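**Student:** Just passing along the structure, written as structure tokens.
The values are calculated or read from the model by the stated rules, or taken from the named source; none is laboratory data. Quantities reported herein were computed from a predicted structural model and do not represent experimental measurements. With ideal geometry, Cβ positions are generated from the backbone for all residues, glycine too; neighbour counts draw on all protein chains shown.
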Amino acid sequence: MPVVRLPDGSQRSFDAPVTIAQVAENIGPGLAKAALAGKVNDQLVDTSYLIDSDVDLSIITGKDTDGLDLIRHSTAHLLAYAVKELFPTAQVTIGPVIENGFYYDFSYERPFTPEDLTAIENKMADLAKLDEVVTREEWSRDDAVEFFKGIGEHYKAEIISSIPAEQKISLYREGKFIDLCRGPHVPSTGKLKHFKLMKLAGAYWRGNSENEMLQRIYGTAWGSKDELKDYLTRLEEAEKRDHRKLGRQLDLFHMQDEAPGLAFWHPKGWALWQQVEQYMRQVYKDGEYQEIRCPQILDRRLWEKSGHWANYKDNMFTTESEKRDYALKPMNCPGHIEVFKSDLRSYRDLPLRYGEFGACHRNEPTGALHGLMRVRGFTQDDGHIFCTEDQVREEVTNFNNIAMKVYSDFGFHNIAVKLALRPELRLGTDDTWDKAEESLREALRACGVTWEELPGEGAFYGPKIEYHMKDSIGRSWQCGTIQVDFQLPGRLGAEYVAEDNSRLVPVMLHRAIVGSMERFLGILIENHAGAFPLWLSPVQIVVANITDAHAQYAQVVVSELKKHGIRVEADLRNEKINRKIREHTMQKVPYIVVVGDKERDENAVAVRARGNEQQGAMPLNDFVAKLLQEVQGKA
């Protein structure tokens, strides 16, 4: 007689073994209809799973994270089902869940077209309406291999052949379609209602470029119609904000084939860059960092000592000169240690904080490059703190407070903090990692923040705190980080003289707030849709004259604004004022100032704020004061 313990603390007893579906029905018809799966003693299972002993049970619905993943996984199978119905000779391969959706890879004799995509989506909807039951079957490995070979699914047979012979194989059947999967899945296709196929792409079988190029179909699926609609709306908004398009439109930067993964910064874009860099340089100064500069190219032997050569060499650009091997630095850490080592250091010198706007290069695959968001050459607001173990907590706490203020100044107020823990491939002992991870936990507790832990996602030399910013359309971006490193300073021979005259290895804290300047600028462009706040805007003011008779006064206004450090341009063209206003509005200039007879005679300006907001005429001095206050407040 199984007893089922539910999340609310209640219990239900049954006279005989029961399925998850039957438990849900026992609780209520509403839950029975919504149930997609169950979690039995923390194991996710189908609603057909039979409970024959006492268990802890959660009923999973589309409102749960697990439920949403289940919907997406099952919709991937529905996609494969539809493709096989429409294109019987297509072979199915793999179809995993990804962020916001799923994909499935197919082998077919011709490329799929956008028209095919529409037909496949319609067929998926028809199959979902049939509400066919999804059932789990267990087969022997060899029987499964022979079955899939027999129906011409050679890729699926190859996957199953790699599974140990003694292991049972789980297959899922819906209607005429059957597929390999460990599950679980939704109980019937009728649970899959809110999906859309998004795009086609190519993908090599098993990710190997020597294998066949398959066709990948991407899709998204959600638990409700409104969630799907909201997601598609966010995608449309993201498309409008694409930093690559805005970079061209606003004359900020461009990229071209002669320099893959590298940006050409135009004057306006470099002005934006400088606002961020000079702001961060002041953060360095306020935090008592000493700014340094290290070489771009370093001998291979240094990278071997640091451990980067063994762990990171495939991502490094290398060169050779006079029979010596070198690498372009992918990160700044070893150079900062060499600066630390250049003099005898005492415990009285610690903490010692170095900062560098360090240019780094990483040999990213061409297919991974994406505008400013993923580049081969980038500059970091990099910093390294050399300190004692006793100083780690205070330094991390101070960094957290500084980082939060920086994000707020740039307009990001929703920050998620995550703690990335030891990866499988790492340096050092478990005891050292225990100490490093606990030091970060102590610092986070001292900051009074909540955090999420990410097992296996730390750097190979130490754990790290990550800062994830949510932008204006709800996307999350990981930028800042601070990492505790007990490994690298010792590997490169860094030490200091302790109070008892012994030699000790310092702890090294790797920290960055905006991270890659290129990526952060891409995020800023998209977050603000190119309409930057006044303090960041490359061009803050445009002064436009109505006729040539007002050109001289327009220049007076420009000169006065420049005296106060305002980035201003004059538009003295012989064009109608409405055309000038329209063009500069398209360029998202924060303020357009118009000068005519009245403004010239009264030493005033007529102000139009971005968004066609008429602010009327005001004395020039009052306008200057307004601008300076807005810049200072970073509104």
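**Student:** Quick one: what pairs do we get from segment 521-542, first residue under 8 Å from residue 590 (Cβ atoms), second of a type in the set (S, T, N, Q), C-beta under 8 Å, 6+ apart or different chains?
**Tutor:** What qualifies is 534/540.
Condition check ((1) surrounded by fewer than 18 Cβ atoms within 10 Å (Cβ to Cβ); (2) not aromatic (Phe, Trp, Tyr)) across all residues:
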position	(1), (2)
38	no, yes
43	yes, yes
53	yes, yes
59	no, yes
77	no, yes
82	no, yes
102	no, no
110	yes, yes
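**Student:** Then there is this: Tell me, please, whether a residue that is at pLDDT 95 or above, within 27 Å of residue 413 (Cβ to Cβ), touching a Lys or Arg at 6+ places or on another chain (Cβ under 6 Å) and surrounded by 19 or more Cβ atoms within 10 Å (Cβ to Cβ) can be found in segment 619-628.
**Tutor:** no
**Student:** Just to be sure, is residue 359 touching a Ser or Thr at 6+ places or on another chain (Cβ under 6 Å), farther than 26 Å from residue 242 by Cβ and in contact (Cβ under 8 Å) with a residue 24 or more places away in the chain?
**Tutor:** On the way: touching a Ser or Thr at 6+ places or on another chain (Cβ under 6 Å): yes; farther than 26 Å from residue 242 by Cβ: no; in contact (Cβ under 8 Å) with a residue 24 or more places away in the chain: yes.
Against the criterion (touching a Ser or Thr at 6+ places or on another chain (Cβ under 6 Å), farther than 26 Å from residue 242 by Cβ and in contact (Cβ under 8 Å) with a residue 24 or more places away in the chain), residue 359 does not qualify.
**Student:** Right, something else. Provide a single number: the residues in segment 488-516 that are crowded, with 21+ Cβ neighbours inside 10 Å and in a helix (DSSP H, G or I).
**Tutor:** Residues that pass the stated criteria total 2.
**Student:** Condition first: under 19 Å from residue 231 (Cβ atoms) and β-branched (Val, Ile, Thr). Now tell me which residues in segment 165-221 satisfy that.
**Tutor:** Hits for segment 165-221 are 217, 220.
**Student:** I would also like to ask the following. Checking the condition in a helix (DSSP H, G or I), closer than 30 Å to residue 569 by Cβ and of a type in the set (Gly, Ala, Ser), which residue from 310, 271 passes?
**Tutor:** Details: 310 fails: closer than 30 Å to residue 569 by Cβ.
Sole residue among the options that is in a helix (DSSP H, G or I), closer than 30 Å to residue 569 by Cβ and of a type in the set (Gly, Ala, Ser): 271.
**Student:** Another question, if that's okay. Hand me the list of strands (runs of 3 or more DSSP E) wholly inside segment 140-226 holding 3 or more residues that are over 34 Å from the mean Cα position of the chain (by Cα).
**Tutor:** Qualifying strands (runs of 3 or more DSSP E): 169-174.
**Student:** Report yes if residue 354 is surrounded by 13 or more Cβ atoms within 10 Å (Cβ to Cβ), of a type in the set (Phe, Trp, Tyr), at pLDDT 95 or above and touching a helix residue (DSSP H, G or I) at 6+ places or on another chain (Cβ under 9 Å), otherwise no. Even if it seems obvious, please write down each step before you answer.
**Tutor:** On the way: surrounded by 13 or more Cβ atoms within 10 Å (Cβ to Cβ): yes; of a type in the set (Phe, Trp, Tyr): yes; at pLDDT 95 or above: yes; touching a helix residue (DSSP H, G or I) at 6+ places or on another chain (Cβ under 9 Å): yes.
For residue 354, the condition - surrounded by 13 or more Cβ atoms within 10 Å (Cβ to Cβ), of a type in the set (Phe, Trp, Tyr), at pLDDT 95 or above and touching a helix residue (DSSP H, G or I) at 6+ places or on another chain (Cβ under 9 Å) - is met.
**Student:** Criterion first (farther than 30 Å from residue 533 by Cα and modelled with pLDDT of 90 or more) does residue 407 satisfy it?
**Tutor:** Numbers: farther than 30 Å from residue 533 by Cα: no; modelled with pLDDT of 90 or more: yes.
Considered against the rule, which asks whether it is farther than 30 Å from residue 533 by Cα and modelled with pLDDT of 90 or more, residue 407 comes out as no.
**Student:** Separate question: Test of understanding: among 554, 606, 549, which residue is part of a strand (DSSP E or B), in contact (Cβ under 8 Å) with a residue 12 or more places away in the chain and more than 39 Å from the chain's Cα centre (by Cα)?
**Tutor:** Values: 554 fails: part of a strand (DSSP E or B); 549 fails: part of a strand (DSSP E or B).
When all the criteria are applied, what remains is 606.
**Student:** Then there is this: Mind listing just one residue for me: the one in segment 278-295 that is surrounded by 14 or more Cβ atoms within 10 Å (Cβ to Cβ) and in contact with a strand residue (DSSP E or B) (Cβ under 6 Å, 6 or more places away or on another chain) and, of those, farthest from residue 511 (Cα to Cα)? Let's see the steps before the verdict.
**Tutor:** Going through segment 278-295, the residues surrounded by 14 or more Cβ atoms within 10 Å (Cβ to Cβ) turn out to be 279-281, 283-284, 287, 289, 292, 294.
Then drop every residue that is not in contact with a strand residue (DSSP E or B) (Cβ under 6 Å, 6 or more places away or on another chain), which leaves 280, 284, 289, 292.
On the way: 280: 13, 284: 12, 289: 12, 292: 15 Å.
Out of the qualifying residues, it is 292.
**Student:** Okay, moving on. Residues to consider are 592, 566; find the one that is β-branched (Val, Ile, Thr), at negative phi and part of a loop (DSSP other than H, G, I, E, B).
**Tutor:** Values: 592 fails: part of a loop (DSSP other than H, G, I, E, B).
Of the residues listed, the single one that is β-branched (Val, Ile, Thr), at negative phi and part of a loop (DSSP other than H, G, I, E, B) is 566.
**Student:** Given the conditions (1) touching a Leu at 6+ places or on another chain (Cβ under 9 Å); (2) farther than 22 Å from residue 482 by Cα, which single one is not true for residue 314?
**Tutor:** (1)
**Student:** Does segment 422-455 hold any residues that are hydrophobic (A, V, I, L, M, F, W, C), touching a Lys or Arg at 6+ places or on another chain (Cβ under 9 Å) and either within 22 Å of residue 312 (Cα to Cα) or modelled with pLDDT under 95 (or both), and which are they?
**Tutor:** Going residue by residue through segment 422-455, those that are hydrophobic (A, V, I, L, M, F, W, C) are 425, 427, 433, 436, 440, 443-444, 446-447, 449, 451, 454.
In the following step, the residues that additionally are touching a Lys or Arg at 6+ places or on another chain (Cβ under 9 Å) were identified as 427, 433, 436, 440, 443, 446, 451, 454.
Within segment 422-455, 427, 433, 436, 440, 443, 446, 454 meet the criteria.
**Student:** Among the residues of segment 128-170, write down those that are crowded, with 19+ Cβ neighbours inside 10 Å and under 24 Å from residue 69 (Cα atoms).
**Tutor:** 128, 134, 156, 160, 169, listed by residue number.
**Student:** Which count do you get for residues in segment 252-280 that are without any contact (Cβ under 8 Å) to a residue 40 or more places away in the chain and in contact with a helix residue (DSSP H, G or I) (Cβ under 7 Å, 6 or more places away or on another chain)?
**Tutor:** Looking only at that region, the number is 2.
**Student:** Can you name the condition, by its number, that residue 338 falls short on among (1) under 30 Å from residue 395 (Cα atoms); (2) modelled with pLDDT under 95; (3) not polar (S, T, N, Q)?
**Tutor:** (2)
**Student:** Follow-up. Can you work out which of the residues in segment 68-103 that are β-branched (Val, Ile, Thr) and in a helix (DSSP H, G or I) is farthest from residue 214 (Cα to Cα)?
**Tutor:** First, pick out the residues of segment 68-103 that are β-branched (Val, Ile, Thr): 71, 75, 83, 89, 92-94, 97-98.
If we keep only those that are in a helix (DSSP H, G or I) as well, we get 71, 75, 83.
Values: 71: 24, 75: 20, 83: 14 Å.
My answer is 71.
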